[in-house]
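Below: the structure, in C-alpha coordinates.
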Amino acid sequence: MTSENTDTSLAASAPGSPWHAVGDYSFDWPEVTLPFQREWAAAIDSDFPADGDITCDPRTFMPLENAIVARLAVSAADPEAARLALDAAASRFYLVDVEGREYTSDELDEAAAEDEVYTVSYVSDAEIIDGTAVITNIDTDGEHHPWMFRTFLRIVAEELRRAGAVPARISPPRTPELQEWLASRGTAFPTDAELAR
(Lines give C-alpha, C1' and ligand atoms only; values in the text may rest on other atoms or scores of the structure.)
Protein backbone atom coordinates (compact mmCIF):
# COMPACT_ATOMS: atom_id res chain seq x y z
CA MET A 1 0.00 0.00 0.00
CA THR A 2 1.22 3.47 -0.80
CA SER A 3 0.83 6.62 1.29
CA GLU A 4 -2.71 7.29 0.11
CA ASN A 5 -5.20 8.76 2.58
CA THR A 6 -2.50 9.66 5.09
CA ASP A 7 -1.04 12.99 6.16
CA THR A 8 2.22 13.26 4.22
CA SER A 9 3.19 16.67 5.61
CA LEU A 10 6.26 17.52 7.63
CA ALA A 11 4.11 18.02 10.73
CA ALA A 12 2.82 14.44 10.62
CA SER A 13 6.12 12.74 9.83
CA ALA A 14 8.11 11.19 12.64
CA PRO A 15 11.70 12.39 13.05
CA GLY A 16 14.11 9.78 11.76
CA SER A 17 11.78 8.70 8.95
CA PRO A 18 13.21 8.33 5.44
CA TRP A 19 11.61 11.62 4.40
CA HIS A 20 13.34 13.58 7.15
CA ALA A 21 16.67 12.48 5.68
CA VAL A 22 15.94 14.39 2.45
CA GLY A 23 14.52 17.55 3.98
CA ASP A 24 17.74 19.55 4.08
CA TYR A 25 19.17 19.02 0.60
CA SER A 26 21.25 21.98 -0.58
CA PHE A 27 22.38 22.68 -4.13
CA ASP A 28 25.34 24.56 -2.66
CA TRP A 29 27.18 21.30 -2.00
CA PRO A 30 27.31 19.24 -5.22
CA GLU A 31 29.59 16.63 -3.67
CA VAL A 32 26.69 15.41 -1.54
CA THR A 33 24.23 15.16 -4.43
CA LEU A 34 24.52 11.38 -4.93
CA PRO A 35 24.17 10.52 -1.21
CA PHE A 36 21.05 12.67 -1.08
CA GLN A 37 19.73 11.02 -4.23
CA ARG A 38 20.14 7.65 -2.53
CA GLU A 39 18.24 8.97 0.48
CA TRP A 40 15.56 10.29 -1.86
CA ALA A 41 15.24 6.88 -3.51
CA ALA A 42 14.83 5.27 -0.07
CA ALA A 43 12.14 7.80 0.84
CA ILE A 44 10.23 7.13 -2.39
CA ASP A 45 10.50 3.37 -1.79
CA SER A 46 9.08 3.82 1.72
CA ASP A 47 5.88 5.25 0.25
CA PHE A 48 5.75 3.10 -2.89
CA PRO A 49 6.82 -0.50 -2.23
CA ALA A 50 8.09 -2.36 -5.29
CA ASP A 51 5.33 -4.99 -4.99
CA GLY A 52 2.48 -2.46 -4.94
CA ASP A 53 0.01 -1.83 -7.75
CA ILE A 54 1.19 1.80 -7.89
CA THR A 55 4.96 2.08 -8.04
CA CYS A 56 7.19 5.11 -8.39
CA ASP A 57 10.54 5.55 -10.11
CA PRO A 58 12.86 6.93 -7.40
CA ARG A 59 14.05 9.61 -9.83
CA THR A 60 10.63 11.29 -9.67
CA PHE A 61 11.17 14.80 -8.26
CA MET A 62 14.70 13.66 -7.34
CA PRO A 63 17.16 16.45 -6.48
CA LEU A 64 19.68 16.88 -9.28
CA GLU A 65 22.74 19.06 -9.46
CA ASN A 66 21.84 22.24 -11.38
CA ALA A 67 18.26 21.20 -12.15
CA ILE A 68 14.77 20.78 -10.73
CA VAL A 69 12.61 18.33 -12.67
CA ALA A 70 9.11 19.26 -11.50
CA ARG A 71 7.34 17.08 -14.03
CA LEU A 72 5.39 13.83 -13.82
CA ALA A 73 4.52 10.91 -16.04
CA VAL A 74 2.24 7.94 -15.43
CA SER A 75 2.32 4.69 -17.38
CA ALA A 76 -0.90 2.67 -17.14
CA ALA A 77 -2.90 0.25 -19.26
CA ASP A 78 -5.48 3.02 -19.83
CA PRO A 79 -3.56 6.22 -20.68
CA GLU A 80 -6.74 8.31 -20.85
CA ALA A 81 -7.76 7.27 -17.33
CA ALA A 82 -4.25 8.13 -16.17
CA ARG A 83 -4.48 11.54 -17.88
CA LEU A 84 -7.79 12.28 -16.16
CA ALA A 85 -6.28 11.21 -12.85
CA LEU A 86 -3.32 13.56 -13.37
CA ASP A 87 -5.66 16.46 -14.19
CA ALA A 88 -7.61 15.78 -10.99
CA ALA A 89 -4.34 15.60 -9.06
CA ALA A 90 -3.09 18.86 -10.60
CA SER A 91 -6.12 20.75 -9.32
CA ARG A 92 -5.20 19.59 -5.80
CA PHE A 93 -1.51 20.51 -6.19
CA TYR A 94 -2.50 24.19 -5.92
CA LEU A 95 -3.69 23.52 -2.35
CA VAL A 96 -0.38 22.08 -1.06
CA ASP A 97 2.18 24.20 0.79
CA VAL A 98 5.95 23.73 1.04
CA GLU A 99 5.59 21.62 4.20
CA GLY A 100 3.31 19.20 2.37
CA ARG A 101 0.05 20.22 4.02
CA GLU A 102 -2.95 19.88 1.72
CA TYR A 103 -5.56 22.53 2.49
CA THR A 104 -9.16 22.85 1.44
CA SER A 105 -9.82 25.96 -0.64
CA ASP A 106 -11.40 27.69 2.38
CA GLU A 107 -8.51 26.70 4.66
CA LEU A 108 -5.97 28.03 2.18
CA ASP A 109 -7.81 31.34 1.83
CA GLU A 110 -7.88 31.70 5.60
CA ALA A 111 -4.21 30.77 6.03
CA ALA A 112 -3.16 33.12 3.23
CA ALA A 113 -5.08 35.98 4.85
CA GLU A 114 -3.23 35.44 8.14
CA ASP A 115 0.23 34.63 6.84
CA GLU A 116 2.20 34.08 3.66
CA VAL A 117 1.61 30.57 2.33
CA TYR A 118 3.57 29.34 -0.68
CA THR A 119 1.82 27.04 -3.14
CA VAL A 120 2.62 26.42 -6.79
CA SER A 121 1.48 29.12 -9.20
CA TYR A 122 1.01 26.94 -12.29
CA VAL A 123 0.52 23.30 -13.26
CA SER A 124 0.19 22.38 -16.92
CA ASP A 125 -2.72 20.31 -18.14
CA ALA A 126 -2.00 16.62 -18.41
CA GLU A 127 -1.50 15.26 -21.90
CA ILE A 128 -0.72 11.91 -23.49
CA ILE A 129 2.72 11.66 -25.05
CA ASP A 130 3.71 8.36 -26.69
CA GLY A 131 1.06 6.48 -24.72
CA THR A 132 2.03 7.97 -21.35
CA ALA A 133 0.09 10.55 -19.34
CA VAL A 134 2.35 13.53 -18.60
CA ILE A 135 2.34 16.82 -16.71
CA THR A 136 5.15 18.75 -18.36
CA ASN A 137 5.40 21.69 -15.94
CA ILE A 138 4.82 22.25 -12.23
CA ASP A 139 6.04 25.75 -11.43
CA THR A 140 7.87 25.73 -8.10
CA ASP A 141 9.91 28.85 -8.94
CA GLY A 142 12.99 26.70 -9.37
CA GLU A 143 12.87 25.37 -5.81
CA HIS A 144 12.98 21.78 -4.57
CA HIS A 145 10.36 21.20 -1.86
CA PRO A 146 10.59 17.60 -0.58
CA TRP A 147 7.43 17.65 1.55
CA MET A 148 5.38 19.31 -1.17
CA PHE A 149 6.61 16.74 -3.68
CA ARG A 150 5.86 13.87 -1.32
CA THR A 151 2.27 15.08 -0.98
CA PHE A 152 1.98 15.51 -4.75
CA LEU A 153 2.92 11.85 -5.16
CA ARG A 154 0.39 10.79 -2.53
CA ILE A 155 -2.30 12.81 -4.33
CA VAL A 156 -1.40 11.24 -7.69
CA ALA A 157 -1.72 7.76 -6.19
CA GLU A 158 -5.12 8.63 -4.71
CA GLU A 159 -6.41 9.97 -8.01
CA LEU A 160 -5.04 7.02 -10.00
CA ARG A 161 -6.86 4.64 -7.72
CA ARG A 162 -10.05 6.74 -7.85
CA ALA A 163 -9.90 6.68 -11.67
CA GLY A 164 -9.27 2.94 -11.77
CA ALA A 165 -5.97 3.57 -13.56
CA VAL A 166 -4.04 0.84 -11.77
CA PRO A 167 -1.63 -0.84 -11.96
CA ALA A 168 0.43 2.25 -12.70
CA ARG A 169 3.99 3.49 -12.65
CA ILE A 170 4.86 7.09 -11.74
CA SER A 171 8.10 8.48 -13.15
CA PRO A 172 9.72 11.59 -14.55
CA PRO A 173 8.83 11.96 -18.23
CA ARG A 174 11.54 10.43 -20.40
CA THR A 175 10.97 12.75 -23.34
CA PRO A 176 13.81 13.78 -25.69
CA GLU A 177 13.10 17.41 -24.74
CA LEU A 178 13.74 16.70 -21.07
CA GLN A 179 16.91 14.73 -21.79
CA GLU A 180 18.23 17.58 -23.94
CA TRP A 181 17.38 20.14 -21.25
CA LEU A 182 19.21 18.12 -18.59
CA ALA A 183 22.23 17.73 -20.86
CA SER A 184 22.28 21.50 -21.46
CA ARG A 185 22.56 21.97 -17.69
CA GLY A 186 25.35 19.42 -17.40
CA THR A 187 23.34 16.96 -15.36
CA ALA A 188 21.48 13.66 -15.73
CA PHE A 189 19.46 11.22 -13.69
CA PRO A 190 21.59 8.73 -11.75
CA THR A 191 21.63 5.14 -12.96
CA ASP A 192 20.22 2.23 -10.98
CA ALA A 193 23.78 1.14 -10.25
CA GLU A 194 24.68 4.56 -8.83
CA LEU A 195 21.62 4.60 -6.61
CA ALA A 196 22.37 1.09 -5.34
CA ARG A 197 25.93 1.81 -4.15
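The values are calculated or read from the model by the stated rules, or taken from the named source; none is laboratory data. Quantities reported herein were computed from a predicted structural model and do not represent experimental measurements. Virtual Cβ from ideal backbone geometry, glycine too; neighbours counted across all protein chains shown. Note: accessible area is taken over every heavy atom of the protein model, side chains too, but ligands, DNA and RNA are not part of it. Shrake-Rupley method; radii C 1.70, N 1.55, O 1.52, S 1.80 Å.
Within segment 93-126, the residues that satisfy the criterion of being open to solvent by 80 Å² or more (accessible area, probe 1.4 Å) and outside any loop (DSSP other than H, G, I, E, B) are 106, 109, 110, 113, 114, 122.
If the requirement is being in a helix (DSSP H, G or I), touching a strand residue (DSSP E or B) at 6+ places or on another chain (Cβ under 6 Å) and charged (D, E, K, R), which of these qualifies: 162, 83, 150, 154? Can you show your working first?
Numbers: 162 fails: touching a strand residue (DSSP E or B) at 6+ places or on another chain (Cβ under 6 Å); 150 fails: touching a strand residue (DSSP E or B) at 6+ places or on another chain (Cβ under 6 Å); 154 fails: touching a strand residue (DSSP E or B) at 6+ places or on another chain (Cβ under 6 Å).
Matching residue, one of 162, 83, 150, 154: 83.
Looking at the structure I just gave you, is residue 151 open to solvent by less than 50 Å² (accessible area, probe 1.4 Å) and touching a residue at least 60 places away in the same chain (Cβ under 8 Å)? Answer is yes for this residue.
Yes or no, residue by residue, for (1) farther than 17 Å from residue 165 by Cα; (2) in contact with a helix residue (DSSP H, G or I) (Cβ under 6 Å, 6 or more places away or on another chain):
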{"position": "36", "(1), (2)": "yes, no"}
{"position": "43", "(1), (2)": "yes, yes"}
{"position": "47", "(1), (2)": "yes, no"}
{"position": "55", "(1), (2)": "no, no"}
{"position": "58", "(1), (2)": "yes, yes"}
{"position": "64", "(1), (2)": "yes, no"}
{"position": "72", "(1), (2)": "no, no"}
{"position": "75", "(1), (2)": "no, no"}
{"position": "78", "(1), (2)": "no, no"}
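Of the residues making up segment 47-81, those that are of a type in the set (Asp, Glu), open to solvent by 40 Å² or more (accessible area, probe 1.4 Å) and in contact (Cβ under 8 Å) with a residue 24 or more places away in the chain are 53, 65, 78, 80.
Close Cβ contacts (under 7 Å, 6 or more residues apart or on different chains) running from residues in segment 34-46 that are in contact (Cβ under 8 Å) with a residue 40 or more places away in the chain to residues that are among the hydroxyl-bearing types (Ser, Thr, Tyr) comprise 44/60. Considering segment 1-31, the residues that are surrounded by fewer than 19 Cβ atoms within 10 Å (Cβ to Cβ), of a type outside the set (Gly, Ala, Ser) and at pLDDT 70 or above include one that is farthest from the chain's Cα centre (by Cα), namely 15.
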